[in-house]
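The values are calculated or read from the model by the stated rules, or taken from the named source; none is laboratory data. Note that the structure is predicted; figures quoted are calculated from it, not measured. When the accessible area is computed, the model is the full protein with side chains, heavy atoms only, and any ligands, DNA or RNA have been set aside. Shrake-Rupley method; radii C 1.70, N 1.55, O 1.52, S 1.80 Å.
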Amino acid sequence: LGNQGVVQAVLNGPTNSATFDIVRRNGDPNKVHLKASNGLFLQDDWHPSVFKMTIVNTLQGEYQITNGYGPDRAPQVMQDHWNSYITEQDFNFMSSNGLDAVRVPVGWWIAQDLNPPRPFVGGSSRALDNAFTWAEKYGMKVIIDLHAVKDSQNGNDHSWERDGFQEWGDSNIGETVAVIEYLAASWIRCRKEHTDAYVILSARLGPVAPQEFFSLASSMNRVVIDVHNYNLFSDMISSMSVQQNIDYIYNQRASDLGHLISANGPRVFVGEFGRNDASMEDYKRFARAQVDVYGPATFGWAYWTYK
């Protein structure tokens, strides 16, 4: 602190040595000191300044998790997750209960999995390998879903966002296509060796028509349009009762899907749907309604998420 009580910079630009550590105060975990890399604390009147820390959210998304745990702990945290969250027993269970495919979300850093950029850690490609091995064993198909592109396509925690902002733009197109080509070459050799493989294009989220990619998809072979139908994320849906939500699925969702199917366009895939804040019995009713309505989709459906 300077003479006027304001923080003064001692470096002209950020470097590794300019990183501050947050150090909790003994006996009061919500009060912290800021410690510089030289071991000294940010001080006020020659005493370490005390700041009140409010945790507004938990770590969300793989970037925040690996960055938050740091290079020493993050590899083990992620490996424990990959080893336990989805296992061969899950594929056995899904296959035994009539599911014939899984949709696996991956991040752009999988293309650099041997030495991923910080803070990401290696291991996601092995997890995807396991999915293919188990799917083949239990007679299931795999959809690789590039769910997070560099600089975040939507600013949400499931899309690589660091701080809630969408930064993806035209300058990222080339590197995004390169990741898709890497995935195709490494796991499904799309188009080149497997002529029966499909490419799925996700309709943009938000107030846009799902048909916006229909003409593009119709001009190519084996291309599917993916639409997401959540009974979530809107004040209108939130204000509905359980039965009103179910009626909305049977009426509005069924009508919307019917228009897409009858539009003489590409195949349609309901790639995500879901519901939260319900009792177990209501969950069953929601699930029955949604499977009834999305079952006729010409490329099937996937529920977000299995766990």
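How much accessible area does GLU212 have with a 1.4 Å probe, in Å² rounded to the nearest 10?
70
Could you please state, rounded to a whole Å, how far the C-alpha centre of segment 207-283 is from the C-alpha centre of segment 50-65?
Their Cα centres are 33 Å away from one another.
Carbon and sulfur together cover what percent of the accessible area of the chain at a 1.4 Å probe radius?
Roughly 51 percent of what the probe reaches on the chain is carbon or sulfur.
On the first, second and third principal axes, largest extent first, how far apart are the outermost C-alpha atoms of segment 86-303 in Å?
50, 41, 38
With a 1.4 Å probe and all protein chains left in place, how much accessible area per residue does the chain have, in Å²? Please report the intermediate quantities before stating the final value.
Numbers: 19400 Å² over 307 residues.
Solvent-accessible surface per residue comes out at 63 Å².
Sequence neighbours fewer than 8 away in the same chain don't count; with that in mind, list the lysines whose C-alpha is under 23 Å from LYS35.
Result set, ordered by chain and number: LYS52.
Hey, in the GNM for the chain with a 10 angstrom Cα cutoff, which one of TYR294, TYR85, TYR250 fluctuates hardest?
Highest fluctuation of the listed residues: TYR85.
In the full protein assembly as shown, how much of LYS137 is accessible to a 1.4 Å probe, in Å² to the nearest 10?
Roll a 1.4 Å probe over it and LYS137 shows about 130 Å².
Determine how large the accessible area of HIS33 is when every protein chain is in place; take a 1.4 Å probe and give Å² rounded to the nearest 10.
Per-residue accessible area (HIS33): approximately 30 Å².
Cross-link candidates for LYS141: which lysines have Cα within less than 27 Å, leaving aside residues fewer than 8 places away along the same chain?
Qualifying lysines at Cα under 27 Å: LYS150, LYS192, LYS284, LYS307.
Taking a cut-off of 16 Å, what percent of all Cα-Cα pairs in segment 152-278 are separated by more than that?
When all Cα pairs of segment 152-278 are counted, 73 percent exceed 16 Å.
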